[in-house]
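The values are calculated or read from the model by the stated rules, or taken from the named source; none is laboratory data. Quantities reported herein were computed from a predicted structural model and do not represent experimental measurements. Positions of Cβ are backbone-derived with ideal geometry, glycine not excepted, and every protein chain shown enters the neighbour counts. For accessibility, only protein heavy atoms count, side chains too; no ligands or nucleic acids. Shrake-Rupley method; radii C 1.70, N 1.55, O 1.52, S 1.80 Å.
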Protein chains: 2
Amino acid sequence: MTDKIIFEKIILATHNQGKIREFSRLFAPLGVEIIASHTLNLEEPEETGSSFSDNALLKARAACKSTGLPALADDSGLAVTALNGAPGIYSARWAEQQDGQKDFIKAMTKLHDALADSPDRSAAFVAVLALVTPERQEHLFEGRAEGEIIWPPRGDQGFGYDPVFVPHGDTKTFAEMSATEKQIFSHRAKAFNALREALFI
Amino acid sequence: MTDKIIFEKIILATHNQGKIREFSRLFAPLGVEIIASHTLNLEEPEETGSSFSDNALLKARAACKSTGLPALADDSGLAVTALNGAPGIYSARWAEQQDGQKDFIKAMTKLHDALADSPDRSAAFVAVLALVTPERQEHLFEGRAEGEIIWPPRGDQGFGYDPVFVPHGDTKTFAEMSATEKQIFSHRAKAFNALREALFI
């Protein structure tokens with residue numbers, strides 16, 4: 001095994017504590033230290049892109065530019081076939097309340113209503129990781145968890161749309177799985193594995 | 001040396017015979033066969049992007065989508081500091097005549113006129129390579145040759161803006177250099193080397 005591109009430190013462009021923990025754990029065996037962008041008081045740019053890739057790239061580019069270090073960002077969401085990929089990059093925004101809090105019961109109900117007339121229930125959780133280097137290399141990796149939207153919601157693990165998503169190859173929703181079980185199907189883990197295989201091993 | 005990502009064949013999204021020869025030669029030692037997109041009758045999409053990266057990506061994405069194979073495309077041009085990066089993605093278009101032929105004497109004169117009042121003559125030839133895989137990985141590599149714009153034009157080798165560009169570290173214009181001499185500074189060679197180091201060795 002050759003560690004090819006030697007990144008000692010990578011800025012992680014997120015304010016999400018869960019993602020910081022997850023990526024720190026994933027990168028540790030590669031000898032890479034993850035520095036959370038909020039510890040450097042970096043502003044997160046607005047997610048004005050029209051795709052997961054655009055949004056991940058603009059966050060990673062901004063963090064790389066501010067710090068001069070390689071920067072990683074991700075964007076992810078649920079893409080429903082019969083809705084032409086919606087809610088997609090708006091997955092979190094579908095849940096937003098006027099007070100800024102998120103209500104995913106409301107978002108899942110909205111999804112169920114939008115699918116009312118559709119026999120096609122196929123959907124995928126999609127994650128895109130963008131890694132941008134000071135030498136102006138840009139790397140994008142997509143990971144997908146293919147599955148079906150079910151109704152009513154089941155389970156209380158996980159977050160977001162997990163209670164209405166059953167991945168292919170299982171009968172439980174993501175919200176009925178332990179973190180370890182869910183990891184097998186995880187779109188974010190698949191994107192990370194693609195990154196690791198392409199750039200590190 | 002581990003060949004990490006094993007690409008046996010890569011579609012090269014260009015109709016330019018010179019680029020097909022150059023990339024076939026560069027990829028041969030990596031055991032990669034270059035297939036020119038025109039041999040498959042693939043249409044080249046319009047270059048509607050707003051950056052070298054955008055244009056290279058949209059060509060590579062289109063070729064990957066049509067063929068289901070990894071696809072490589074490049075975009076390049078001359079970025080002049082005092083002109084905020086112009087002619088940039090319009091480098092070739094600055095030379096276009098009404099009959100579709102290219103006149104780079106005209107383009108170099110236009111550049112010289114635009115720089116008339118500017119003491120800053122710094123510029124860079126920039127090349128961006130985009131490699132897109134069917135697994136939806138996207139890799140971008142930038143190569144730059146930094147230098148100065150001079151006047152009047154000198155030399156008759158090369159093409160495009162070569163007669164008015166002197167790279168840092170030399171006194172000859174690109175058009176006064178042999179292909180071998182120019183290769184040392186080549187923006188496209190630097191982008192290729194970044195790709196090779198990141199993905200192959």
Could you sort B:162, B:99 by accessible area so the largest value comes first, with the probe set to 1.4 Å?
B:99, B:162
Karplus-derived 3J(HN,Hα), 6.51/-1.76/1.60, for each residue of the stretch B:11-16, Hz, glycine and proline x:
6, 9, 7, 7, 9, 8
Taking each label point as 7 Å beyond Cα in the direction of the beta carbon, state the distances from residue B:183 to the same residue in the other copies, shortest first, in nm.
4.8
Spacing of the two label points (7 Å from each Cα toward its C-beta) at residue B:66 and residue A:97, in nm
5.2 nm
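Could you check how much of the accessible area of the stretch B:9-199 is carbon and sulfur, as a whole percent, using a 1.4 Å probe?
Values: 4440 of 8990 Å².
Of the solvent-accessible surface of the stretch B:9-199, carbon and sulfur hold 49 percent.
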What distance in nm separates the simple spin-label points at residue B:8 and residue B:109, each placed 7 Å from Cα in the Cβ direction?
5.4 nm
I'd like the distance between the alpha-carbon centres of the stretch A:1-59 and the stretch A:116-166, rounded to an integer number of Å.
19 Å
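Between rounded, prolate and oblate, where does the stretch B:88-201 land on the alpha carbon gyration tensor, with a ≥ b ≥ c its root eigenvalues, rounded for a/c under 1.5, else prolate if a/b exceeds b/c? Could the numbers behind the result be given before it?
Values: a/c = 2.11, a/b = 1.55, b/c = 1.36.
Prolate is the answer for the stretch B:88-201, as a/c is 1.5 or above and a/b outweighs b/c.
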Measuring label to label, 7 Å along Cα→Cβ, what does residue B:97 give against each other copy in nm, shortest first?
6.9
Report residue B:131's accessible area, 1.4 Å probe, all protein chains in place, as a number in Å² to the nearest 10.
0 Å²
Can you send over the solvent-accessible area of residue B:151, 1.4 Å probe, protein chains only, in Å² to the nearest 10?
100 Å²
Given labels modelled 7 Å from the Cα in the Cβ direction, how far is it in nm from residue A:193 to residue A:117?
3.9 nm
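Give, as a single signed number, the net charge of other residues whose beta carbon lies under 10 Å from the beta carbon of residue B:37, with Lys and Arg counted +1 and Asp and Glu -1.
Neighbourhood net charge equals -1.
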Once residue B:157 and residue B:15 are pulled to full extension, the length gained, defined as 0.36 nm per residue separation minus their Cα-Cα distance, is 48.9 nm
Given label points at 7 Å from Cα along Cα→Cβ, what nm distances, shortest first, separate residue A:114 from the same residue in every other copy?
4.3
What figure, in Å² to the nearest 10, do you get for the accessible area of residue B:146 with a 1.4 Å probe and non-protein molecules left out?
90 Å²
Based on the alpha-carbon gyration tensor of the stretch A:18-58 and its eigenvalue square roots a ≥ b ≥ c, which shape applies: rounded if a/c is under 1.5, prolate if not and a/b is larger than b/c, or oblate?
oblate
Using only atoms on other chains, find how many Cβ atoms lie within 10 Å of each Cβ of peptide A:97-105 and report the average.
0
Counting just the Cα atoms, what span does the protein assembly as shown cover along each of its three principal axes? Round to the nearest Å and put the largest first.
74, 48, 46
